[in-house]
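Single-structure report; data block below.
Read-outs throughout are calculated quantities, based only on the coordinates presented, and are distinct from any laboratory measurement. Since the structure is predicted, the reported quantities are computational estimates derived from the model, not experimental observations. In this analysis, Cβ positions are derived from the backbone assuming ideal geometry, glycine residues included, and neighbour counts consider all displayed protein chains.
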Amino acid sequence: MADAAQAPVQSGAVDSLHKWGMVIDVDLCTGCQACVVACQAENNIPLNTADHFVKHRAMEWIRIERYWEGEFPNVKARFIPVTCQHCGNAPCEPVCPVYAIQHSTEGLNVQTYNRCVGTRYCGNNCPYSVRVFNWEPHRWPESLHAQLNPDVTVRTQGLIEKCSMCLQRINRAKREEARQGRPMADGDLQPACAQACPTSAIVFGDWKDRNSRINRLANGTRAYHMLDELGTQPNLVYLKKVDPNYTGHGPEHAGAPAQHATRSLPVISG
Amino acid sequence: MQEWRELSSPKINDDLLKFPLHTPMWFWVAAAGLGTVIGAGTISFAIMIGGGLQFLGYNNQAQWAVLITNFVFWIGISHAGVMISAILRLTQAEWRRPVTRGAEILTVFSLATAMLMPILHSGRPWRTLYWEFPFDFSRAIWPDVRSALVWDPSAIFTYLLSSVMFVYVALIPDLSVARDRSLGVMHAIYAAAAMGFQGTKRQWRLQAIAGILLSALILPVFVSVHSIVSWDFAMALVPGWHSTVFPPYFVIGAVHSGVSAVATLMAILRWIFHLEDYITDDHFDSLGRLLVVVSTTWLFFFGMDFYYGIFSRDEMEIGIWNLRIFEPPYNVLFPLFLLTAYLIPVPLWLFRNVRRSVKWMFWTSICVNVGMWMERYILIVPPLSNKQAFPFSWVTVYQPQPIEWLLVAFTFAIVSTGILVFSKIFPIIPLFDIKEGQTLRRVVQVGRRTVPGVVRD
């Protein structure tokens, strides 16, 4: 009974074996949207029609932001996949009046759909704008009913949803781990977006595993946190674009030039 | 010095209890008109509860818009009650007497109406009520007190309860008069509500003490309520909202719109109830002077908000101000708001003839509230549209839908109906307060000197 009241709300308050995270290499991203589609399929997200995009009500847990650079004919498209950053110091968490957003012991920012009342304060407060409100009830065409994932809750209308870093897959992997009696290897577990990415731009892993691929990738000079200056301590690390011919003023968010880039790993506490 | 006419006690009783005890034809017409709007509003309310928020023009960027604007607007209006009653009572401003109850009633109904908005505005309103108000004690699940959305209902309910008590304490002597002059069902209601008030010395004393105590206690609430409402925005990370000047700015803006609303209400009451003897030109004159001071202070804070925005040299803050002032559709709204909220009414109020003209005061005060509604809209909506550092998700166009305007009209109808029904049942001008004022003004001729006939206890 008292569990809910005593649950830790701060990140790292309880020691745990894992701290999940992702590294997204902007340089490898081709903007193919495979991650978006995979996420829709994995997480029971309804199909977006053109109307949803016109009304700016598209339901996407991961989105590809596309920016055009340069003047025609020398135009370049730049892509940034943006999903929930699972911030260690999340702006969305303290503003929820009903504790619908908690920080899990494994570094995930988890949304409790049953508790959410839809004040949308978290949506306003998220600087990455990755929290989406389901304005309309979720519906799928008849042909997709058998495709729905039984491991994922179908959300009712009127609440905020967002990326869970495929929590259901994490849990399944942990069950598997217990069943087989051996720890899972790095790369055994992948969220839908990482699995679908044809260029492996999205890499999932455990920050607490010293030898994990994400730790190795994040050690490079290209690593940066999105909107680091806000102090949100994201669990996601981006690797900035490498462009030898690149001379202009890049998108301001692409971080400092490579020689000035500071390696900023997420704080691993506990 | 204000002009003053001696009115006899029976005449005051007759004049002010005329409407509660007799029903004119226009009451039914007004009730039918307002009832239609409320009916339409109730239907749209039901549609919203049944079908969710999909009918609104909201989108993933503008997640708070017209309904929250309307909420802040009504909370602002509600500040009139305390401003007029408590502050003016404590400072013993004589001109407040006929205005107090109307202002307090406006407070009560606008607060109650304002609370409808955020509840309706949430995705699952029944859950909002369940989680946030009757706390789920049995399962040890508590609301998160770090959230401004928990402070907000606490402050508003404190204010609502204390204003209801404030109105009721001031109403008791008048209820006893109404009890003595009515028959049948109404007599029973008045008798129960008057709680056996007979006008003994002790009862008057307790009533006066309760009134003064409540006005003193309500003052901190007056400052806190709109500060806390402003924290809903100021505590957020959204550029353009995240500002320390918001609490005083919101409070003074609330007083600006609230006192204007009282001027509007006074003009309407004077016209429909023919209360020329009670609500005189002097009252409008005093309200006008008060408004000049309040609105100029408000303009100062508005300037400060702008100044802090650009002084930070934060690209996002400047971007928000750029959007508010220069980009459509806000480039039309912004000058319109500045004109209606300040530049048109305030210079007019500097003229004595305008302040003393009921018509002018009516239209200028309406003008202020139109402007103040737009001010809240401009404060709330543009920052949300462009809140990210990345322009990919920016939405510059948010189109309010008919249902949103219907719900806004619904709130206006509820408040008007509330005041109308209240003034049908209870005297809207406090009888005893007027009589007290009359008594205090009585003078006695002693030799060549004129001395006050009554000394305040």
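Any idea what diffusion coefficient region B:9-452 gets from Stokes-Einstein, in µm²/s, Kirkwood Rh on alpha carbon pairs, 10 °C, 1.306 mPa s? Intermediate values should be presented prior to the final figure.
Details: Rh = 23.4 Å.
D, rounded to a whole number, is 68 µm²/s.
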Inset, instruction - Mind sorting A:119, A:221, B:411 by how few other Cβ atoms lie within 10 Å of their own Cβ, fewest first? - result: A:221, B:411, A:119
Inset, instruction - First check a/c for the protein assembly as shown, with a ≥ b ≥ c the square roots of the eigenvalues of its C-alpha gyration tensor; if it is under 1.5, answer rounded, and if not, answer prolate when a/b is larger than b/c or oblate otherwise. - result: prolate
Inset, instruction - Taking DSSP loops as anything outside H, G, I, E and B, show the longest stretch in chain B free of GluC sites (Glu not before Pro) there with at most 10 other beta carbons within 10 Å. - result: B:7-457
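Summing -39500 (n - 2.57) over the DSSP H runs of n ≥ 4 in chain B and dividing by its residue number, what mean residue ellipticity at 222 nm do you reach, to the nearest 500 deg cm²/dmol? Walk me through the intermediate numbers first.
Working: 17 runs with 317 residues, N = 457.
About -23500 deg cm²/dmol.
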Legend entry - Table column - 3J(HN,Hα) (Hz), region A:175-180, Karplus curve with 6.51, -1.76, 1.60, x for Gly and Pro: 5, 4, 4, 5, 5, 7
Inset, instruction - For the protein assembly as shown, build the charge dipole from Cβ charges (+1 Lys, Arg; -1 Asp, Glu) around the Cα centre, then report which of B:36, A:141, B:64 sits farthest towards its positive end. - result: B:36
Legend entry - Residue-averaged beta-carbon neighbours from other chains (10 angstrom radius) around B:382-394: 5
Legend entry - Spread of Cα-to-Cα distances over 5 Å intervals beginning at zero, given as percent, for region B:14-146: 2, 8, 11, 13, 16, 15, 13, 10, 7, 4, 1, 0
Legend entry - Farthest toward positive dipole pole in the protein assembly as shown [+1 Lys/Arg, -1 Asp/Glu at C-beta], among B:294, B:117, B:323: B:294
Legend entry - Cut-off under 5 Å, modelled amide H: who pairs with residue A:65 long-range: A:80, A:82
Legend entry - region A:58-95: chymotrypsin sites (Phe, Trp or Tyr not before Pro) in DSSP loop, at most 10 other beta carbons within 10 Å: none
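Looking at region B:1-86, which trypsin sites (Lys or Arg not before Pro) are DSSP coil and have at most 10 other C-beta atoms within 10 Å of their C-beta?
Details: sites: B:5, B:11, B:18; in loops: B:5.
Loop-located and lightly packed - B:5.
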Inset, instruction - Quote to one decimal, in nm, the extra length available between residue B:87 and residue B:195 on full extension: 0.36 nm per residue of separation minus the C-alpha distance between them. - result: 36.2 nm
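Report the charge-dipole magnitude of region A:6-260 in Debye, nearest 20, computed about the Cα centre from +1 at each Lys and Arg Cβ and -1 at each Asp and Glu Cβ.
Numbers: 26 positive and 25 negative charges, 66 e Å.
Here the size comes out at about 320 debye.
Please sort through the DSSP H helices of chain B and keep those with an alpha-carbon extent of at least 20 Å along the long axis and a Kyte-Doolittle average not below 0.5. List each step's numbers first, then the result.
Details: long enough: B:25-51 (39 Å, 1.56); B:66-82 (26 Å, 1.61); B:100-121 (32 Å, 1.10); B:148-180 (48 Å, 1.15); B:201-234 (49 Å, 0.97); B:246-273 (39 Å, 1.40); B:281-311 (44 Å, 0.70); B:358-385 (40 Å, 0.84); B:402-425 (34 Å, 1.70).
What comes out of the filter, once short or polar helices are dropped, is B:25-51, B:66-82, B:100-121, B:148-180, B:201-234, B:246-273, B:281-311, B:358-385, B:402-425.
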Legend entry - Long pairs among A:19/A:241; A:240/B:387; B:18/B:424; A:76/A:240, criterion Cα-Cα beyond 18 Å: A:19/A:241; A:240/B:387
Legend entry - Potential extension, residue B:370-residue B:446 segment - 0.36 nm per residue separation minus Cα distance: 22.0 nm
Inset, instruction - Report the extension gain between residue B:272 and residue B:188 in nm, rounded to one decimal, defined as 0.36 nm multiplied by the number of residues separating them, less their alpha carbon distance. - result: 27.5 nm
Inset, instruction - Describe numerically, in nm with one decimal, the distance between label points set 7 Å from Cα along Cα→Cβ at residue B:311 and at residue A:51. - result: 4.9 nm
Inset, instruction - Give me a single rounded figure for A:92-102: the average over its residues of other chain Cβ atoms within 10 Å of their Cβ. - result: 6
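Give the residue list of trypsin sites (Lys or Arg not before Pro) in region B:272-340 that are DSSP loop and have at most 15 other beta-carbon atoms within 10 angstrom. Provide the component values of the computation, followed by the final result.
Working: sites: B:289, B:313, B:324; in loops: B:313.
Here the trypsin sites (Lys or Arg not before Pro) that fit, given the DSSP loop and packing criteria, are B:313.
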Legend entry - Residue (of B:382, A:211, B:207) at the positive-pole extreme of the protein assembly as shown, dipole from beta-carbon charges: B:207
Legend entry - Cβ charges +1 (Lys, Arg) and -1 (Asp, Glu), total dipole of the protein assembly as shown, debye: 1500 debye
Inset, instruction - Return, for the Cα atoms of region A:6-260, the radius of gyration and Dmax in Å, separated by a comma. - result: 18.5, 60
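Counting only other residues whose beta carbon sits under 13 Å from that of residue A:40, what net charge do I get with K and R as +1, D and E as -1?
Working: positive: A:63; negative: A:42, A:60, A:161.
After counting each charged neighbour, the total is -2.
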Legend entry - Eligible lysines near residue B:201 by straight Cα distance, threshold 26 Å, same-chain separation 8 or greater: B:11, B:435
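Restricting the count to DSSP beta bridges whose residues both fall in the protein assembly as shown, what percent are antiparallel, rounded to a multiple of 5?
Percentage antiparallel, nearest 5: 85.
Using a simple charge model, +1 on the beta-carbon of Lys and Arg, -1 on the beta-carbon of Asp and Glu, nothing else, what dipole does chain B show about its Cα centre, in debye to the nearest 20? Walk me through the intermediate numbers first.
Working: 33 positive and 28 negative charges, 266 e Å.
For this selection, approximately 1280 debye.
For region B:364-407, rounded, prolate or oblate, judged on the Cα gyration tensor with a ≥ b ≥ c (square roots of eigenvalues), a/c < 1.5 rounded, else prolate if a/b > b/c? Let's see the in-between values first.
Values: a/c = 4.43, a/b = 1.79, b/c = 2.48.
Oblate.
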